[in-house]
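Notes follow once the structure below has been shown.
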Amino acid sequence: MRLGRYELTLEPRPARPAIFTALTAVVAILLALALSSFLFLSSDAPLIDAYRAMFSYAFFNPHGVLATVHRSIYLLFCTYAFLVPLRAGLWNIGLPGQVYAGGLAAFAVPFVLRTHNPQTLALPPGLLIVLMIAAAAAAGAATGGFAGLLRAKLQVNEILVTMMLNSILFWLVAYMIKEGGPFMSATGEGESFGLPSSLHAPLLLGVPVTAVLALCVAVLLDLLFAKTALGYRIRAFGENPAAARYGGIIPVALSLLVFLLGGAFAALAGYHYFAAVPGVYKIPGNYGYYGDLGFYGIIAALIARGSSLGAVPIVVLFAGLSVGARFAQGELRLPFGVDYALLGLLMMTFVASHVLYHFRFGWRRIPSEALQPVPTELPRG
Amino acid sequence: MWELVARSLEASTIFLFAALGELIDQRSGVLNVGLEGLMLFGGTAAFITAQTTGSHALGFLAGLTLGGLLGLGHGFFSITLRGDQVVSGMGLWILSFGLTTYLGSPYTGPLGLGRIPSLWGLSPFFPLGVALVAITWLLLFRTGLGLAIRSAGENPAAAEASGIPVTSIRFLCVALGGMLAGLSGATYTLSYNPVWNYNFLMGWGFVSLALVFFSMWNPWILLAGASLFGIMWQLSLSPELILPGVLSRYVWRTVPFAITIPILCIISTPWFRTRWGLAKPEALGRPYAKG
């Protein structure tokens, strides 16, 4: 584009240092927060009070902090579930479906072993909890792996398949917990039976053990991508599939592997939410809300640019924001869905920052000889 | 029985409008995976406008306008900035999902206007849909503009060399595609099911996107596919009409989605790709840099 004597162009950035990556992430998040002020316009309260209500509840109120921690664990697993396939250039938007698959499989263990009735508890509870986690991970891996296999074998678009699986599993959960479904609670209120207290995930300092797992995975995933041959293959395949194939990397196995891993992580999020958060310990009737909340994992992984450790602070912030936004919504009588609106705004600023991450504006003066009209007269002499 | 058929055909117009818009997009080489987002936004804008002004026509106008604007937004990112079209499309979808949930929630509930008059029980949108299919087919395969659109999607460099303004053609197509997606959302919220609800589409947009791949980028096959899915959708809502008492109604709701997956697999097999899949626009999803 030409502006007077200057030319404005969009050029690919040759190098992107880590500090620049972090800076784009921070700017995208701050911009979304600034834009979110228009959400509070319909409230009578001054703007600053709205932000204060949001942040002080999420990060300083004892109830709020605990809610933020639980949600962070949930969103961290969702983030990994999206992040691992993304490193291979694939989009796993099947987070809600894999979350539901994990929840259903975890509850199937006590259901099949008839242990939801405390009198017939047969196996030691510790073993049962491990079984529940394993069942959840396996179910999620199967759900994700199905999409990965189709992608690997037939090049079926993974976005469509995972989205279809979301809808299928959403209705399957409804079937299982509502209108006389197998998992329906004895009171018949459209939610699943509650887990007996012996099967609640153990707490460490009031925080479920899944927190430890979530943080370990953050370290392991970054190590996987930075230091191992497998991680290198996944990254190479994600950057340029054709070149990777030329270099001897087998795409079929990789596509399947990343989706198996991704699905298992999302299922652990489901396990965490339905079987490890104090006060829940059941599949509630509004499970769809938590499934959709998993989409925060997409934006967290995108803003963190595929770094699992880098995603941790982002996820904690998002968890706090979504918890605080819900609180502020009640406090300031805002319409429902402030947390979802924030999700949308974050996505918008991410897409904008994505352009600036890959391109820079070239701003150069057009050399004056290029602008000068060609002389029409011959010089004298 | 006629009532069920009429209702199914109305459901199929929603798939049809959105998919037809996406087909035009894709024929020009632009992939928009955020179709559902455009429909959500169009539908919500139409609902809010119609409810506040009391006019269906203004509602449709709002849906069309917003859909077109969002389509242009996707175009700006994917054509002008040459960004990743999947990133932009997914961004549009999540943006719409988040914002419409917030903006629409004060309007949750029925529309509260009279039903749009029907012709012998059939929604007027179905004949409109058939007409649009015919127009799109004529436009794409019988006019110079259609040839320009298709060549922009097949080989933009060659098209540019032969004097076709690829960028303008693609912008025209994303605007048209966005308007059709907005129309589809508006048809849902103003006519098919005039009740606003959080995330009311629940996958209609993604099914429409899949329909475009099934259609082999041909509007007539798209019409057949959309009608089939409309019937399937309606039957999944009221399975008792065919198999009363078999399986829970929730299990039936999974059927349209479950059928989509094997169809996607069949059209992805090498056999199908080599025999029938040649209609896929060659430059689909690839940004074009003027050389």
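Provide B:4, B:278, B:180, B:9 in ascending order of the number of other Cβ atoms located within 10 Å of each residue's Cβ, fewest first. Don't skip to the answer; put the middle values down first.
Details: B:4 15, B:278 9, B:180 29, B:9 22.
Taking fewest neighbouring Cβ atoms as first place, the list is B:278, B:4, B:9, B:180.
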Expressed as a whole number, the average count of other chain Cβ atoms within 10 Å around the Cβ atoms of B:203-214 is 3
Expressed as a percent, the portion of alpha-carbon pairs in region A:1-119 spaced more than 18 Å apart is 78 percent
For region A:110-263 (alpha-carbon point model, no solvent) the Debye-based log₁₀ I(q)/I(0) at q = 0.09, 0.10, 0.16, 0.18 Å⁻¹ works out to -0.45, -0.54, -1.07, -1.18
Expressed in angstrom and rounded, the centroid-to-centroid distance over alpha carbons for region A:190-223 and region B:162-196 is 45 Å
Dividing the mean separation of Cα pairs under 8 Å (6+ apart) by the residue count of region B:174-267 yields a relative contact order in percent of 23 percent
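Counting each pair of different Cα atoms once, what's the Kirkwood radius of region A:223-314 in Å, rounded to one decimal?
Numbers: mean 1/r = 0.0649 Å⁻¹.
So the Kirkwood estimate lands at 15.4 Å.
Would you mind getting the Kirkwood hydrodynamic radius of region B:43-88 from its Cα pairs, rounded to one decimal in Å?
Numbers: mean 1/r = 0.0870 Å⁻¹.
Hydrodynamic radius (Kirkwood, Cα only) of region B:43-88 equals 11.5 Å.
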Restricting to lysines and to Cα separations under 17 Å from residue A:282, and discarding same-chain partners fewer than 8 apart, the set is A:178
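Sorted from fewest to most neighbouring beta carbons within 10 Å, what does the list A:246, B:198 look like?
Numbers: A:246 9, B:198 18.
By the 10 Å Cβ count, ascending, the order reads A:246, B:198.
Please arrange B:202, B:90 by how many other C-beta atoms lie within 10 Å of their C-beta, fewest to most. Don't skip to the answer; put the middle values down first.
Details: B:202 18, B:90 23.
Going from least to most buried by this count: B:202, B:90.
Please give the charge dipole size of region A:2-371, origin at the Cα centre, charges +1 on K and R Cβ atoms and -1 on D and E Cβ atoms. Round to the nearest 20 debye. Write down the numbers at each step before the final one.
Details: 22 positive and 14 negative charges, 211 e Å.
Dipole of region A:2-371, to the nearest 20 debye: 1020 debye.
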Listed residues A:70, A:354, A:272; largest mean-square fluctuation, Gaussian network over chain A with Cα springs below 10 Å, found at A:354
The size of the Cβ-based charge dipole (Lys, Arg +1; Asp, Glu -1) of chain B about the Cα centre, to the nearest 20 debye, is 340 debye
Per-residue average of other protein chain Cβ atoms inside 10 Å, peptide B:101-111 -> 5
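Report the semi-axes of the equivalent ellipsoid for chain B in whole Å, largest first, where each axis is √(5λ) for an eigenvalue λ of the Cα gyration tensor. Write out the running numbers ahead of the final one.
Numbers: eigenvalues 189, 104, 61 Å².
Largest first, chain B gives 31, 23, 17 Å.
With charges only on Cβ, +1 for K and R and -1 for D and E, what is the dipole size of the protein assembly as shown about its Cα centre, in debye, rounded to 20?
On the way: 37 positive and 25 negative charges, 275 e Å.
About 1320 debye.
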Mean-square fluctuation maximum in Gaussian network of chain B, Cα pairs under 10 Å, restricted to B:241, B:201, B:147, hits B:241
Region A:81-98 and region B:8-53 have their Cα centres apart by a whole-number Å value of 25 Å
Reduced to Cα centres, the span from region A:140-161 to region A:1-66 in Å works out to 34 Å
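Report, in deg cm²/dmol and to the nearest 500, the calculated mean residue ellipticity at 222 nm for chain A, where each DSSP H run with n ≥ 4 adds -39500 (n - 2.57) and the sum is divided by the residue count.
Details: 15 runs with 250 residues, N = 381.
That calculation yields -22000 deg cm²/dmol at 222 nm.
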Calc'd 3J(HN,Hα), region B:146-160, phi into Karplus 6.51 cos²θ - 1.76 cosθ + 1.60 (θ = phi - 60°), Hz, glycine/Pro = x, comes to x, 4, 5, 4, 5, 6, 5, x, 8, 8, x, 5, 5, 4, 4
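Provide the net charge surrounding residue A:318, with neighbours chosen by a C-beta distance below 13 Å and charges set as Lys +1, Arg +1, Asp -1, Glu -1.
Working: positive: A:71, A:326; negative: A:339.
Spelling it out: positives minus negatives among the neighbours equals +1.
Two decimals is fine: what's Rg over Rh for region B:4-66, C-alpha atoms, Kirkwood radius as Rh?
Numbers: Rg = 13.4 Å, Rh = 12.8 Å.
With Rh from the inverse mean 1/r over Cα pairs, Rg/Rh is 1.05.
If we count every other residue with Cβ under 15 angstrom of residue B:183's Cβ, Lys/Arg +1 and Asp/Glu -1, where does the sum land?
Net of charged neighbours comes to -4.
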Bounding extents of the protein assembly as shown in its principal axis frame from Cα atoms, largest first in Å, are 111, 67, 60
Sorted by chain and number, the residues with a modelled amide H under 5 Å from that of residue A:359, at a separation of 5 or more or across chains, are A:13
Comparing B:264, B:111, B:40 in a Gaussian network model of chain B (Cα, 10 Å), the one with the largest mean-square fluctuation is B:264
Hull volume per residue for region B:117-233, using the convex hull of the C-alpha atoms, in Å³ is 123 Å³
Net charge (Lys, Arg +1; Asp, Glu -1) of residues whose beta-carbon lies under 14 Å from that of residue B:17, residue B:17 excluded, is -4
What the Cα atoms of region A:2-371 span along the principal axes, largest first and in whole Å, is 92, 61, 36
Tilt, helix A:229-239 to longest principal axis of chain A (alpha-carbon atoms), in degrees rounded to tens, equals 50 degrees
In nm², the average projected area of the convex hull spanned by the Cα atoms of region A:3-51 is 6.4 nm²
For residue B:280, counting only aspartates and glutamates whose alpha-carbon sits under 12 Å away and dropping same-chain residues fewer than eight positions off, the answer is B:154
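Only the coordinates and a few stated rules stand behind these numbers; no lab work does. Since we're looking at a predicted model, the values are computed, not measured. Backbone-built Cβ (ideal geometry, glycine too); neighbour counts: all protein chains shown.
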